[in-house]
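Comments concern the structure below.
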Amino acid sequence: MEAIKLENLSFSYNGQNLNNGIHNINLSVKEGECVLLVGTSGCGKSTVLRAINGLAPYFYEGKLEGEVFLMGKSAKKIRFENKSKICGSVFQNPRSQFFYLNTSSEIAFGCENQGLSQKEIEKRVNESIKLFRIDNLADRDILKLSGGEKQKIAFAGIYASRPDIYVLDEPSANLDLDAIKDIKAIIKKIKEEKKTIIIAEHRLYYLMDIVDRILYMDKGEIVEEFTLDEFKKLSSKELRKRGLRAPDYRMLKKEAFNITKKKSDFDEKLILKDITCQYKKSRFKTLNIKECQLPLHEKIAIIGHNGAGKSTFVNGFCGMNKNVKARVYKDGKLIPLRKRVRESFEVFQEVNHQLFTNSVEEEVSLGSEDNTGKNKLELLSSLGLKDFLDTHPMALSGGQKQRVAIASALYSGRRMICLDEPTSGLDYRQMDKVAGLLDTLQSKVDLTMVITHDLELILKTCTYVLHIENGQLVEEYPLDKEGREKLFSFFDYEK
Amino acid sequence: MKSLDSTTKILCIIAVNLIITFGISIKMEFFILACLSLLFLTYGKIRKCLVYILIFAFMIFGDKVLLHYITIDWLVSFLCLIFITFRKFFFCIMTADFFISTTKINELIASLEKIHIPQVIIIPLAVLIRFFPTVKEEWEHIRAAMHMRNIGTGFKEVVFHPVKTIEYMLVPLLFSTVKIGEELSAAALARGIGMEKKRTNLYKVSFNMADYLVMIFSLAMVIFQKIYGGF
């Protein structure tokens with residue numbers, strides 16, 4: 001039987017959001033099949049998923065035409081509230097899909113809504129915990145979990161309500177390599193139970209041995225359909241033309257590359273000594289690095305597993321984390337902490353928190369009122385923001401917001417810029433733009449650092465790698481031939 | 001100790017608010033402070049309790065001592081606003097904080113269902129309460145970002161440029177909370193909140209002695225204040 005069937009399905013959102021609609025979608029997914037929707041941001045992947053789980057038009061208002069069949073039944077005949085028994089949905093933002101604040105209650109939430117008996121709910125919660133091996137997460141405060149752990153709880157909660165169809169909207173968008181590995185294992189288990197799965201994703205590599213079919217969407221339509229084998233045969237050029245990420249890191253290995261700098265070539269650099277971080281209540285040092293160097297006018301990638309201390313390192317460097325102690329030298333001279341704080345700037349992952357005013361122009365001036373007029377226009381046009389002077393920063397796209405934050409940093413004379421995960425959840429084209437941004441930065445500031453889990457970004461643009469693990473420096477190397485080998489071995493997810 | 005039921009706590013909020021609207025004497029204020037402190041202490045929230053007592057002591061000190069020494073007109077009216085007007089709301093904030101910081105959402109839903117409050121009221125209320133920790137989390141991030149941009153949230157900026165500072169705090173806070181609120185609602189709906197059928201609740205509600213005592217006491221205090229004018 002067909003688990004999902006879409007017939008001439010079109011949807012257009014009410015209001016300003018006119019672009020992301022879908023037109024004339026025809027799709028049928030067999031029971032037990034796993035289908036992957038790919039395409040650039042705004043191509044309509046999420047809208048297709050919303051039409052399936054009913055959030056469009058029930059929650060996201062708009063006009064729906066055509067037919068949706070779920071497990072052979074017309075969706076029009078199923079009340080929205082009851083769709084959750086058929087479709088279980090996991091969304092991309094781990095911070096905003098929880099209702100309760102305790103993990104075990106949260107897993108039970110869907111079952112409670114279905115009105116199951118207490119005994120049955122407890123049984124199902126325990127089964128979910130056992131199947132996904134998350135005993136360590138039972139009965140805990142959700143706000144204290146990492147993004148990956150939260151996402152596992154989301155899956156467990158959906159599993160407990162026993163839907164026939166799993167609708168997954170970029171479940172890996174905000175996760176790091178290890179967490180993605182865990183999510184992969186979970187999706188695999190769901191597939192083994194012969195459940196139907198439909199996923200929209202930008203990150204493709206972790207799904208390559210799970211999905212059966214891949215549909216490429218563009219401008220709200222399904223334009224191409226691949227079997228897994230056909231998809232794997234696409235060259236990296238063909239993928240990039242479609243704005244897609246590499247489904248296998250080994251593809252990137254084959255690509256030409258031309259950085260030949262050696263360690264000795266980095267003559268200008270900052271030397272950092274005795275970087276430590278110890279919180280009052282803890283007996284251990286969260287960060288403990290004897291010495292490392294940050295070459296100037298290069299693009300430094302900071303890599304490491306989740307919780308390795310990458311963010312602590314960067315926050316400490318910028319003076320945001322007062323528990324971090326470090327001495328920074330340039331040409332043998334100590335840079336005082338105050339100067340370092342004044343000259344450094346960090347672009348946070350959640351860029352919405354970093355914009356405060358009503359227009360891009362005002363935003364850039366904020367915090368540096370004394371340099372009125374100073375080449376502001378020139379700066380903004382070099383970052384591609386010239387046409388947005390009077391636009392409200394919150395009306396911009398994610399990438400543009402990043403640029404506005406950086407413009408404000410440059411305008412206030414910052415010389416050291418750090419970016420935290422600037423490409424999480426981005427498609428290839430957007431990632432390419434971020435890489436371009438880093439190139440622009442390199443010529444404008446002294447120091448550029450990126451915390452990232454994105455191998456494609458590093459290969460595209462970075463020239464130096466700092467590898468931190470368990471609060472300690474594992475290695476630092478320039479991205480020459482040898483460096484690339486090391487990098488590939490770090491990103492080898494089959495290990 | 002077995003904890004109080006959410007219904008009891010809500011009743012406490014209503015009682016405190018009623019008593020305050022009747023207009024109360026200083027003695028009564030101290031009495032309410034003592035009662036609320038006792039509630040905080042039984043939940044082991046010693047630090048929070050101390051902070052509230054200190055704030056209250058400061059306002060009383062300002063009202064009864066400081067104001068007698070100040071002769072500048074505008075300063076007097078400004079301080080009156082803080083020491084006297086704000087003090088009227090002080091207990092409302094304190095009880096609300098007690099409620100929010102000691103109530104889990106599943107407990108709240110369970111007890112409200114028990115006393116047959118309709119779902120249309122319970123769900124928004126639960127979402128609202130669920131939202132406070134999120135706002136707090138967002139606020140921490142925003143404060144870090146403001147610090148990074150040299151936009152002050154310190155005492156000086158708040159006093160000299162209150163409107164601007166508040167604007168800078170609110171713009172990102174509103175945008176990010178609206179976004180999270182939307183995603184949160186979508187997730188809750190997709191998991192079948194508000195299905196017609198009766199919901200199950202893993203949390204079992206039962207009133208115990210402490211609940212009855214607190215309820216009767218609150219009711220008695222309201223009557224005492226209304227009819228006999230309090231202490």
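The values are calculated or read from the model by the stated rules, or taken from the named source; none is laboratory data. Not measured: the values here are computed from a predicted model. Positions of Cβ are generated from backbone atoms using ideal geometry, with glycine treated the same way; all protein chains shown enter the neighbour counts.
Condition test on A:Ile78, is it within 17 Å of A:Thr196 (Cα to Cα) and within 14 Å of chain B (Cβ to nearest Cβ)?
no
Does A:Lys188 count as away from every other protein chain (no Cβ under 14 Å), among the charged types (D, E, K, R), within 21 Å of A:Ile214 (Cβ to Cβ) and surrounded by fewer than 20 Cβ atoms within 10 Å (Cβ to Cβ)?
Details: away from every other protein chain (no Cβ under 14 Å): yes; among the charged types (D, E, K, R): yes; within 21 Å of A:Ile214 (Cβ to Cβ): yes; surrounded by fewer than 20 Cβ atoms within 10 Å (Cβ to Cβ): yes.
Spelling it out, A:Lys188 is indeed away from every other protein chain (no Cβ under 14 Å), among the charged types (D, E, K, R), within 21 Å of A:Ile214 (Cβ to Cβ) and surrounded by fewer than 20 Cβ atoms within 10 Å (Cβ to Cβ).
Could you tell me which of the residues A:Lys194, A:Lys152, A:Lys181, A:Lys144 is over 25 Å from A:Thr452 (Cα atoms) and either surrounded by fewer than 24 Cβ atoms within 10 Å (Cβ to Cβ) or away from every other protein chain (no Cβ under 14 Å) (or both)?
A:Lys194
Has the range A:51-63 got any residue that is in a strand (DSSP E or B), modelled with pLDDT of 90 or more, touching a helix residue (DSSP H, G or I) at 6+ places or on another chain (Cβ under 9 Å) and of a type in the set (A, V, I, L, M, F, W, C)?
Checked against the condition, which is being in a strand (DSSP E or B), modelled with pLDDT of 90 or more, touching a helix residue (DSSP H, G or I) at 6+ places or on another chain (Cβ under 9 Å) and of a type in the set (A, V, I, L, M, F, W, C), the range A:51-63 yields no hits at all.
Of the residues that sit in the range A:458-485 and are charged (D, E, K, R) and surrounded by 16 or more Cβ atoms within 10 Å (Cβ to Cβ), which one is nearest to A:Val434 (Cα to Cα)? Can you show your working first?
Of the range A:458-485, the ones charged (D, E, K, R) are A:460, A:469, A:475-476, A:480-482, A:484-485.
If we keep only those that are surrounded by 16 or more Cβ atoms within 10 Å (Cβ to Cβ) too, we end up with A:460, A:469, A:476, A:480, A:484.
Working: A:Lys460: 10, A:Glu469: 25, A:Glu476: 23, A:Asp480: 22, A:Arg484: 21 Å.
If we take residues in the range A:458-485 being charged (D, E, K, R) and surrounded by 16 or more Cβ atoms within 10 Å (Cβ to Cβ), then A:Lys460 is nearest to A:Val434 (Cα to Cα).
Restricting to the range A:218-246, name every residue that is touching a Leu at 6+ places or on another chain (Cβ under 7 Å) and part of a strand (DSSP E or B).
A:Ile222, A:Glu225
Within 12 Å of chain B (Cβ to nearest Cβ), within 21 Å of A:Leu175 (Cβ to Cβ) and hydroxyl-bearing (Ser, Thr, Tyr): is that true of A:Ser96 in this structure?
For A:Ser96, the condition - within 12 Å of chain B (Cβ to nearest Cβ), within 21 Å of A:Leu175 (Cβ to Cβ) and hydroxyl-bearing (Ser, Thr, Tyr) - is met.
Could you tell me which of the residues A:Val29, A:Val48, A:Val38 is away from chain B (no Cβ under 14 Å) and surrounded by fewer than 22 Cβ atoms within 10 Å (Cβ to Cβ)?
Only one candidate qualifies: A:Val29.
In the range B:56-71, is there at least one residue being surrounded by fewer than 13 Cβ atoms within 10 Å (Cβ to Cβ), more than 17 Å from the chain's Cα centre (by Cα) and of a type in the set (Gly, Ala, Ser)?
yes
Which ones in the range B:156-210 are touching a Ser or Thr at 6+ places or on another chain (Cβ under 8 Å), in a loop (DSSP other than H, G, I, E, B) and touching a residue at least 24 places away in the same chain (Cβ under 8 Å)?
If the condition is that a residue be touching a Ser or Thr at 6+ places or on another chain (Cβ under 8 Å), in a loop (DSSP other than H, G, I, E, B) and touching a residue at least 24 places away in the same chain (Cβ under 8 Å), then B:Leu202, B:Tyr203, B:Val205, B:Phe207 are the ones that fit.
From the list A:Leu383, A:Leu355, A:Leu366, which one is away from chain B (no Cβ under 11 Å) and either surrounded by 20 or more Cβ atoms within 10 Å (Cβ to Cβ) or not charged (D, E, K, R) (or both)? Steps first, answer last, please.
Values: A:Leu355 fails: away from chain B (no Cβ under 11 Å); A:Leu366 fails: away from chain B (no Cβ under 11 Å).
None of the other options fit; the residue is A:Leu383.
Determine whether the range B:125-141 contains at least one residue that is facing chain A (nearest Cβ under 8 Å), at pLDDT 80 or above and touching a His at 6+ places or on another chain (Cβ under 6 Å).
Among the residues of the range B:125-141, at least one is facing chain A (nearest Cβ under 8 Å), at pLDDT 80 or above and touching a His at 6+ places or on another chain (Cβ under 6 Å), which makes the answer yes.
Does B:Phe207 satisfy being aromatic (Phe, Trp, Tyr), surrounded by 13 or more Cβ atoms within 10 Å (Cβ to Cβ) and more than 30 Å from B:Glu29 (Cβ to Cβ)?
no
Given the criteria under 30 Å from A:Leu355 (Cβ atoms), of a type in the set (Asp, Glu) and more than 15 Å from the chain's Cα centre (by Cα), does A:Asp446 qualify?
yes
Inside the range B:134-146, can you point out the residues that are surrounded by 16 or more Cβ atoms within 10 Å (Cβ to Cβ) and not small (Gly, Ala, Ser)?
Once the filter is applied, which keeps residues that are surrounded by 16 or more Cβ atoms within 10 Å (Cβ to Cβ) and not small (Gly, Ala, Ser), the range B:134-146 yields B:Thr134, B:Glu138, B:Trp139, B:His141, B:Ile142, B:Met146.
Would you check which residues across the range B:195-231 are modelled with pLDDT of 85 or more and β-branched (Val, Ile, Thr) and list them?
B:Val214, B:Ile216, B:Val222, B:Ile223, B:Ile227
Conditions (1) part of a helix (DSSP H, G or I); (2) assigned by TED's automatic domain parsing to the domain that holds A:Glu33; (3) at pLDDT below 90, marked per residue:
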position: A:Ile121; (1), (2), (3): yes, yes, no
position: A:Val125; (1), (2), (3): yes, yes, no
position: A:Ile129; (1), (2), (3): yes, yes, no
position: A:Phe155; (1), (2), (3): yes, yes, no
position: A:Leu168; (1), (2), (3): no, yes, no
position: A:Asp178; (1), (2), (3): yes, yes, yes
position: A:Lys188; (1), (2), (3): yes, yes, no
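Only one residue in B:Ile24, B:Ile53 is in contact (Cβ under 8 Å) with a residue 60 or more places away in the chain and more than 24 Å from B:Leu108 (Cα to Cα), so which one is that?
Criteria check complete, one pass: B:Ile24.
Kindly provide the set of residues from the range A:208-217 that are in contact with a Leu (Cβ under 6 Å, 6 or more places away or on another chain) and not in a strand (DSSP E or B), ordered by number.
Selection gives A:Val211 alone.
Return yes or no: is B:Gly230 within 30 Å of B:Met28 (Cα to Cα), among the small types (Gly, Ala, Ser) and not in a helix (DSSP H, G or I)? Explain how you work it out, then say what you get.
Numbers: within 30 Å of B:Met28 (Cα to Cα): yes; among the small types (Gly, Ala, Ser): yes; not in a helix (DSSP H, G or I): yes.
Criteria met by B:Gly230.
Which members of the range B:73-118 meet the condition of being closer than 29 Å to B:Asn201 by Cβ and of a type in the set (S, T, N, Q)?
B:Thr95, B:Ser101, B:Thr102, B:Thr103, B:Asn106, B:Ser111
Buried (at least 22 other Cβ atoms within 10 Å of the Cβ), of a type outside the set (Val, Ile, Thr) and more than 26 Å from A:Leu287 (Cβ to Cβ): is that true of A:Pro422 in this structure? Explain how you work it out, then say what you get.
On the way: buried (at least 22 other Cβ atoms within 10 Å of the Cβ): yes; of a type outside the set (Val, Ile, Thr): yes; more than 26 Å from A:Leu287 (Cβ to Cβ): no.
In short, no.
Given the criteria basic (Lys, Arg), more than 14 Å from chain A (Cβ to nearest Cβ) and more than 30 Å from A:Ala409 (Cβ to Cβ), does B:Lys226 qualify?
It is true that B:Lys226 is basic (Lys, Arg), more than 14 Å from chain A (Cβ to nearest Cβ) and more than 30 Å from A:Ala409 (Cβ to Cβ).
So which residues in the range A:26-50 are in a strand (DSSP E or B) and closer than 22 Å to A:Leu204 by Cα?
A:Leu27, A:Ser28, A:Val29, A:Lys30, A:Cys34, A:Val35, A:Leu36, A:Leu37, A:Val38
Among the residues in the range A:407-415, are any touching a strand residue (DSSP E or B) at 6+ places or on another chain (Cβ under 9 Å), assigned by TED's automatic domain parsing to the domain that holds A:Ile303, surrounded by 19 or more Cβ atoms within 10 Å (Cβ to Cβ) and not in a helix (DSSP H, G or I)?
The answer is yes; a qualifying residue exists.
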